[in-house]
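The next block holds one structure in the form of structure tokens; read it before the comments.
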Amino acid sequence: MGLDKSPVSSLKGVGPALAGKLAKIGIFTLQDVLFHLPFRYEDRTRITPIGMLVPGKSVVLEGEIISCDIAYGRRRSLLAYLQDSTGQIALRFFHFTKAQQRNLSSSRSIRCFGEARLGATGLEIYHPEYSQNVSAELPKHFTPVYPGTEGVSQQRYRKIVSQVFALMSSGDQLDELMGDIEHPYEIDINNALDLVHNPPHDVDMDALLAGRHLAQQNLAFEELLAHQISLRLVRDEINRLEAPCFHSPGIDYKALISSFGYELTDAQIRVAGEVAIDMAQTSPTLRLIQGDVGSGKTVIAALSAVHAHENGYQCALMAPTEILAEQHFINLSSWLTPLGITTAWLTGKVKGKRRREELESIASGSARVVIGTHALFQKDVQFGNLGLVIIDEQHRFGVHQRLALREKGNKDKFMPHQLIMTATPIPRTLTMSMYADMDCSIIDELPPGRKPVTTNVLPDSRRDDVVTRVKSACQSGAQAYWVCTLVEESEIIQCQAAEATATDLSRELKGLEVGLIHGRLPAAEKAETMNQFKAGEIDLLVATTVIEVGVDVPNASLMVIENSERLGLAQLHQLRGRIGRGKAQSHCLLLYHSPLGETSRQRLNVLRESNDGFHIAEMDLQIRGPGELFGSRQSGSLQFRIADLLRDHHMLDDIARIANQLLRNDQISARAIIERWIVSPEEFSQA
Ligand code: ADP
Ligand code: MG
């Protein structure tokens, strides 16, 4: 059995309990052990003279124990003094056994490893690792430190790794899958892994720690290639499936366009056309529609839904939050009901009789356009004849979820068309690697008459001025949002903070109507509040970031965002996109808590200077990196073992080209590369 198939339990000393712990961190096979890479290294290759110690550095020391006693300070500890020809240092143990005390007291020479820090007696080392065997050979390599091995000690994990390397040196090697491929990072994969786990003494440590060593770049390249190939194969498989072939749009479609009350923008016409052409094919459409906030994506969704209906098929429109689903339902019903097209509404909160009725009309096909949250894809939801799935605000759903949803609509060889709408402008450099399985349309134009939002960045010490400004704006008929943000706190705390802010603001803004909306309110209450805000009955809406996506109230022209320095640029841009939708000039006030760091200042300035989502996304990528860009919530979708899109995106051109070549000329290697790098969903669910 090769390393890729042998389970970790085939190693000496790995029983079911340890194997279970390893499985939790995604390590099942010996190959997985190799791909779990160190994140830093210790230098145990040489002995440091005690006189040359500096605080904060971990080093190997060797010397004589000159005393060993219990010290009674604030905490009882065992204190031993180690001395060599250059000086002496205290070794301190807060946890120790009688045996350890006897053992150290009677030792003469020891060798130890630990980090020196400033303690009660000067430089001290707390809980050093130590051994009496001073004649043992020092390691030739840096000692790896592995991430996230909870429940498995570093020493134990290192033993596992060295067993695997022992097998490799006796001939059990990984296949070189990129052997015939010309690329800039040529190094045999076995050597690359050896170097990363056991870096030799003369390695370029800076490069290694930055992940830029040739060996790491080689691995990252192969990993990105694996992802690229797998997305392309998914696409090929989809192309082999069948989808309903839609005739050109008909009377209802045209009637809908004339009912909007405005001309479609050129970009909307172009994208609607691209979608209509896709859906006239016999293979399933898979199209990503990117359009900045306010670019009018809902229109495209409505048109496509009517197009499906005209061809006798149902459409499902899925939104990431209840509020947004509700809003789509209100919009689409108001457009479609006059055309005699029945809409239905389904979220987790729709229960009992109402739910049974909705489920029935969805199953019978009498509900033509079904709008809801991910509840739409639960087991008990059966569609009569689903022909089109539209997912709004895709960035909330990870790649894995996307693939799972696709499976859901897949009956035999049949699969509905699928549109994915996102307001997160994805830098072109990343689209290719993340969405290689999709076609892409961009609505690169806003409806006419929009005035760019002006943005100011202010310290929260000026909150009083801000409140005054909100007051005068609302008194002259404008509406405003006040966004409370707390990152990394629990949702409960966030909602409580919003409640407190709303209470304060209603006291400060006597005579104005202050509303509150956050994720923990009952759906009915949220909907009621949104409707009141839409109707102009609420002047100021205090909200958590639940309003981030999709909410559309054109009369709102002022937004205050608290703690803006803690949010990602993409998220701030989304929030700000709630205003600037009507005729009036809109303003956004970004409050921050002083002092503002240099990076934060730079980031907020990007927003102050630009309203262009693509530009902002590119800048965000430069300043913070893709993990932040897509938000931690869906970081799962971007988890690579080794690759880092920010660091490695310069590889993407080569990767696209090579993926093409491999798929054309060498399917066997292509599949082997995927198998090596991509954890299959079944494997994942076992963990
Ligand atoms: P998003 O792309 O952010 O989902 P929406 O679909 O919510 O944008 O549209 C934003 C606003 O612009 C809505 O009020 C919508 O009615 C309006 N709108 C959409 N298309 C046009 C257009 N062609 N002309 C004028 N207003 C439009
Ligand atoms: Mg929208």
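The values are calculated or read from the model by the stated rules, or taken from the named source; none is laboratory data. Not measured: the values here are computed from a predicted model. Cβ placement follows ideal geometry from the backbone for every residue including glycine, while neighbour counts extend to all protein chains displayed. These accessible areas exclude ligands, DNA and RNA; they are computed on the full protein's heavy atoms, side chains included. Shrake-Rupley method; radii C 1.70, N 1.55, O 1.52, S 1.80 Å.
For the stretch 162-268, the relative contact order comes to 21 percent (Cα pairs under 8 Å, sequence separation of at least 6). Our summary of shape: the Cα atoms of the stretch 268-337 have principal axis extents of 34, 29, 20 Å, ordered from largest down, in whole angstrom. By a 1.4 Å probe calculation restricted to protein chains, residue 484 has an accessible surface near 10 Å², given to the nearest 10.
Accessible surface for residue 335 stands near 50 Å², nearest 10, in the context of the full protein assembly shown (1.4 Å probe). Percent of accessible area on the stretch 50-131 owned by carbon and sulfur, 1.4 Å probe? Roughly 49 percent, rounded to a whole number.
From the P(r) of the chain, can you give the percent of Cα pairs sitting at distances over 48 Å? The proportion of pairs with Cα distances above 48 Å equals 31 percent.
Against the chain, whose longest principal axis comes from its Cα atoms, helix 352-364 is set at around 80 degrees. Estimated from the Cβ-Cβ distance and a Förster radius of 22 angstrom, the FRET efficiency linking residue 40 and residue 95 is about 0.35. Compared with the rule-of-thumb size 2.2 N^0.38 Å for a compact globular protein, the stretch 50-131 has a Cα radius of gyration ratio of 0.99.
To the nearest 0.05, what FRET efficiency results for residue 86 and residue 12 with a Förster distance of 45 Å applied to their C-beta separation?
After rounding to 0.05, the efficiency reads 0.65.
The residue 57 and residue 4 beta-carbon pair, evaluated with R₀ = 22 Å, returns a calculated FRET efficiency of approximately 0.05. The residues packed around residue 88, meaning those with a beta-carbon under 15 Å from its beta-carbon, carry a net charge of -3 if Lys and Arg are +1 and Asp and Glu are -1. Once both labels are positioned 7 Å from their Cα atoms along Cα-to-Cβ, the gap between residue 583 and residue 378 label points is 4.5 nm. Centroid-to-centroid, using Cα positions, the stretch 199-223 and the stretch 115-161 are 23 Å apart.
Were the residues from residue 506 through residue 138 laid out at 0.36 nm apart, the gain over their Cα-Cα distance would be 125.5 nm. Can you give the angle from 0 to 90° between the axis of helix 667-677 and the longest principal axis of the chain, with both taken from C-alpha atoms, to the nearest 10? The angle comes out near 70 degrees. Each Cα pair under 8 Å and six or more residues apart adds its sequence gap; the mean of these over the residue count of the stretch 454-610 is a relative contact order of 33 percent. Computed across the stretch 251-443, the Kirkwood hydrodynamic radius from all distinct Cα-Cα pairs reaches 16.8 Å. Between residue 277 and residue 169, the contour length at 0.36 nm per residue exceeds the Cα-Cα span by 33.2 nm. Could you pull out which residues in the stretch 562-590 have an amide N less than 11 Å from a spot 7 Å beyond the Cα of residue 605, following the Cα-Cβ vector? Under cut-off, by backbone N: nothing. Each Lys or Arg adds one and each Asp or Glu takes one away; over the other residues whose Cβ falls under 12 Å from the Cβ of residue 151, this sums to +2. At a probe radius of 1.4 angstrom, the accessible area of the stretch 251-443 per residue rounds to 37 square angstrom. In this label model, residue 667 and residue 254 are separated by 4.6 nm, measuring between points 7 Å along each Cα→Cβ vector. Compute the label zone of residue 145 within the stretch 88-112: residues whose backbone N is under 13 Å from the point 7 Å along Cα-to-Cβ. Zone members listed by number: none at all. Here residue 8 sits with roughly 10 square angstrom of accessible surface, probe radius 1.4 Å.
Segment residue 622..residue 204, full-extension length gain: 147.9 nm, with 0.36 nm per residue of separation and the alpha-carbon distance subtracted. Mean separation of Cα pairs under 8 Å and 6 or more residues apart, divided by the residue count, gives the stretch 50-131 a relative contact order of 35 percent. Ranked from largest to smallest solvent-accessible area, with a 1.4 Å probe on the protein heavy atoms, 471, 24 come out as 24, 471. For the stretch 14-145, the per residue solvent-accessible surface stands at 52 Å², with DNA, RNA and ligands left out and a 1.4 Å probe.
Using a simple spin-label model with pseudo-atoms 7 Å out from Cα toward Cβ, residue 120 and residue 156 lie 3.3 nm apart.
Please give me the summed charge of the neighbours of residue 76: other residues whose Cβ is under 15 Å from its Cβ, Lys and Arg +1, Asp and Glu -1.
On the way: positive: 74, 75, 92, 98; negative: 69.
So the environment of residue 76 carries a net charge of +3.
Using just its DSSP H runs of length 4 or more, each adding -39500 (n - 2.57), the chain gives a mean residue ellipticity at 222 nm of -12000 deg cm²/dmol after division by all residues.
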